[in-house]
Structure formats: structure tokens, C-alpha cells
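*Asks:* I'd like to ask some things about the structure below.
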Amino acid sequence: MINVSIIGASGYTGVELIKMLIKHNEVNLQGLYVSQNSADANKEIANLHGVLQDRCKLKLTPLSDVEAVAKASDVVFLATDHKTSHDLAPIFVTNNCVVFDLSGAFRVNEQNFYTKYYGFEHEHQELLANAYYALCEYSDIKLMQQSKLISLPGCYPTASQLALRPLFNNDLLDTDFAPVINATSGVSGAGRKASLTNSFCEVSLNAYGIFTHRHLPEIEKHVGHKVIFNPHLGFFKRGILATITAKANNKTNLDSLKQAYDYYKDKKLVRVKNTAVKLGDVVNTPFCDISYAYNDGYIVVCSAIDNLLKGASAQAIQAFNLYFGFDETKSLF
């Protein structure tokens, strides 16, 4: 059995991790942890999230002794804010834990990236350089297994990259033009802590972070090309719908597009559809649904995911399964 701990277990992504890991017959969920000053400390997780009633009886333990948790764990999932993951990951790695980090703390290995987009200076450059960025459908499992730190992509970057990579990888785009990503997320993407910006009484459909959103450089880094990213906040709980417009080159036609997206025909968690994708088809599932259309030299690709699952926790479990040699969908359904 693999001894697993979750840090940041009371948040939305933490709870989704719990729901999947308690079904995993190769896992011993040994501990759920929150910060020492958390209002949720010492509460039973099922009392906070009723969906876990009679399924998980663990309490949320204040994280007071990180090294003790590390010594009791083979694997740690960090469902924490970026700076907390930055500070904790080296301790767990040093103690020989495999870390699956759901934050942005180790996603982009570029100088000054974290001071500009995350507001702190990255102090662990060697670990950052050796972290494995696990967009699972494109992961090299042997390379992943060589790292003790697995960095999971952001939710917007997951939806965007899964849509765009077949086009870039098959040289089907006019690269003089940046693809335009218009993506709308539910309010759960902001996390569980309440604020005016994600209160349902305040939320409207609106764009935000134009040209400044921290997921923009993450997408550009990992697709290897400039994009324009326009994130939007929608008046719904969960899910992301991305609509991407790109200019085709003279190699592109419907046959070449089909061949490009056939890459996913053996990928269990990406479904390429002949009709326009709908958010309702992926919410509460680990799937990414993709559809595409081509006309007069332009391609429009639509991509839909559940931001808390394929965009976070389900992809983390998928990466965990791949890392340890299990079926990648184990415990996801």
C-alpha cells in the first residue's frame, strides 16, 4: 500500500482528491492536513463536506511537524496556495516523498517568472528545474518517474493545451498569427475562501486579467508559441469552456485536422466530438471534450473540462496512476 497525505485537504481540490483516493485500493490515506491557523483545523472532513459522510472519518490535522508527516508518507498531494507549495515541496522531496503539486509553484522554469506573476522570488531553482510538468496525455512516463516532484498544469492551461497541441505538433497553423483563447471558468476556480470577487451575489459574466493572467505565460511556455488569452468568470460553480480561434496554414484541411486530433483516439480521458462540446457533459467527470471546425482558412477549437477534476484533482490522480504503473483511470469513476 502507498501511504498518501493531502496538504490543504479542506479546499475544493483537496476534497475531490479525497473522494478519489478513498476508492483507490492501492492507497492508504494516512492523513489530511491544513495550516495551523485554519478555521477547519481539527474538524472531521465529513462535517465540512457532507458528500464524505460515512466514507471518510479522518480529521483535518494542523500541519505542525512537516518532517513527521513526510516520514509517514510515500506520496504527498499539495492542494495549497502557490507560496505554501513552494515552501513545503523541498521538505517532502528531501524526505524521499513523491510530491504531486496542484499549485503553480513549479510549473514554469523561467527567470523572474515568479516575481512577476506570483509575487514571490523562487528560492528553489534546482528543484524547479527538475520538476516534471505533467499534462498527462503528453507525459513521458519514464521521465516523470525520474522526478520526485510532479507539477500539475493549471486548469485553463489544461483545457487550452489539449485543444492546441495537435495543431502545433502537426504544423497546421500560420504561426505569424497568435491563436486567441477565450475561456470561461466557474467561480470554484478561485478556491473555497469567500471574497467579493467570487461571491455569487457579485459575480457577472466578465473578462479579467487580459494580457496579465499568470496562466498566459504557462500556456505559451508549454505550447512553445505566443497566444492571446482572454479569461472570463462565469455565473456557475464549476467547469471551463475554452473557444480558440487560430489561423490555418496551407497544409490544413479537414483530413489533416482529423489526423491531428486522432492523436486522442487511444487517450481514455479526451473525447473528440463531431458536435460542439457542452460544459454539462464534463462537469463532475475527469474528461476533456474537444470539437473543431474549419472554414476559409481559420480553425475554431472548443475544449471543455471540469476545472476541479481534469483541471486539477483528477489530473493529479491520473498522473499518480501513471507514475506508479496503474491504469490511468483507476479510482477516477
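The numbers here are math on the coordinates, done by the rules we state, and not lab data. On a predicted model such as this, the values are computed, not experimentally measured, just so you know. We place every Cβ from the backbone using ideal geometry, glycine too, and count neighbours over all the protein chains shown.
*Asks:* Filter the range 264-287 down to residues that are touching a strand residue (DSSP E or B) at 6+ places or on another chain (Cβ under 7 Å) and hydroxyl-bearing (Ser, Thr, Tyr), then give me how many there are.
*Replies:* 2
*Asks:* Go over the candidates Ala159, Ala105 one by one and state the one that is surrounded by 15 or more Cβ atoms within 10 Å (Cβ to Cβ) and not in a loop (DSSP other than H, G, I, E, B).
*Replies:* Numbers: Ala105 fails: not in a loop (DSSP other than H, G, I, E, B).
So the residue among Ala159, Ala105 that is surrounded by 15 or more Cβ atoms within 10 Å (Cβ to Cβ) and not in a loop (DSSP other than H, G, I, E, B) is Ala159.
*Asks:* Read through the list (1) in contact (Cβ under 8 Å) with a residue 60 or more places away in the chain; (2) farther than 27 Å from Phe106 by Cβ; (3) small (Gly, Ala, Ser), then give the number of the only condition that Gly186 fails.
*Replies:* Against the list (1) in contact (Cβ under 8 Å) with a residue 60 or more places away in the chain; (2) farther than 27 Å from Phe106 by Cβ; (3) small (Gly, Ala, Ser), Gly186 comes up short only on (2).
*Asks:* Which condition number in (1) among the aliphatic types (A, V, I, L, M); (2) under 23 Å from Tyr118 (Cα atoms); (3) out of contact with any Leu (no Cβ under 7 Å at 6 or more places or on another chain) is the one that Val34 fails?
*Replies:* (3)
*Asks:* Test each condition in (1) farther than 30 Å from Tyr264 by Cβ; (2) among the aliphatic types (A, V, I, L, M); (3) out of contact with any Phe, Trp or Tyr (no Cβ under 8 Å at 6 or more places or on another chain); (4) surrounded by 15 or more Cβ atoms within 10 Å (Cβ to Cβ) for Leu196 and report the one that comes out false.
*Replies:* All conditions pass for Leu196, except number (4).
*Asks:* Give the range 186-211 a look and list any residue that's β-branched (Val, Ile, Thr) and part of a loop (DSSP other than H, G, I, E, B), or say none.
*Replies:* From the range 186-211, those β-branched (Val, Ile, Thr) are 187, 197, 203, 210; that's our starting set.
Within the range 186-211, Val203, Ile210 meet the criteria.
*Asks:* Right, something else. Quick test for you: out of Leu233, Leu308, Leu279, Leu257, pick the one residue that is more than 22 Å from Val180 (Cα to Cα) and surrounded by 18 or more Cβ atoms within 10 Å (Cβ to Cβ). So that I can check it myself, show each step before the final result.
*Replies:* Working: Leu233 fails: more than 22 Å from Val180 (Cα to Cα); Leu279 fails: more than 22 Å from Val180 (Cα to Cα); Leu257 fails: more than 22 Å from Val180 (Cα to Cα).
Result of the check over Leu233, Leu308, Leu279, Leu257: Leu308.
*Asks:* Are any residues in the range 132-156 of a type in the set (Phe, Trp, Tyr) and surrounded by fewer than 24 Cβ atoms within 10 Å (Cβ to Cβ), and if so, which ones? Break it down into steps so the answer makes sense when it comes.
*Replies:* Here is the first cut: in the range 132-156, the residues of a type in the set (Phe, Trp, Tyr) are 132-133, 138, 156.
If the condition is that a residue be of a type in the set (Phe, Trp, Tyr) and surrounded by fewer than 24 Cβ atoms within 10 Å (Cβ to Cβ), then Tyr132, Tyr133, Tyr138 are the ones that fit.
*Asks:* Just to verify a result, which residue in the range 40-88, among those that are in a strand (DSSP E or B) and touching a Lys or Arg at 6+ places or on another chain (Cβ under 9 Å), is surrounded by the fewest Cβ atoms within 10 Å (Cβ to Cβ)?
*Replies:* Keep residues of the range 40-88 that are in a strand (DSSP E or B), which gives 44, 59-62, 75-78.
Imposing the further condition that a residue be touching a Lys or Arg at 6+ places or on another chain (Cβ under 9 Å) reduces the set to 44, 59-60.
Numbers: Glu44: 16, Lys59: 18, Leu60: 24.
Among those residues, the one meeting the criterion is Glu44.
*Asks:* Residue by residue through the range 260-282, note down the ones that are farther than 14 Å from Gln315 by Cα and touching a helix residue (DSSP H, G or I) at 6+ places or on another chain (Cβ under 9 Å). Walk me through it before giving the result.
*Replies:* Keep residues of the range 260-282 that are farther than 14 Å from Gln315 by Cα, which gives 260-266, 271-281.
Matches in the range 260-282: Ala260, Tyr261, Asp262, Tyr263, Tyr264, Arg271, Val272, Lys273.
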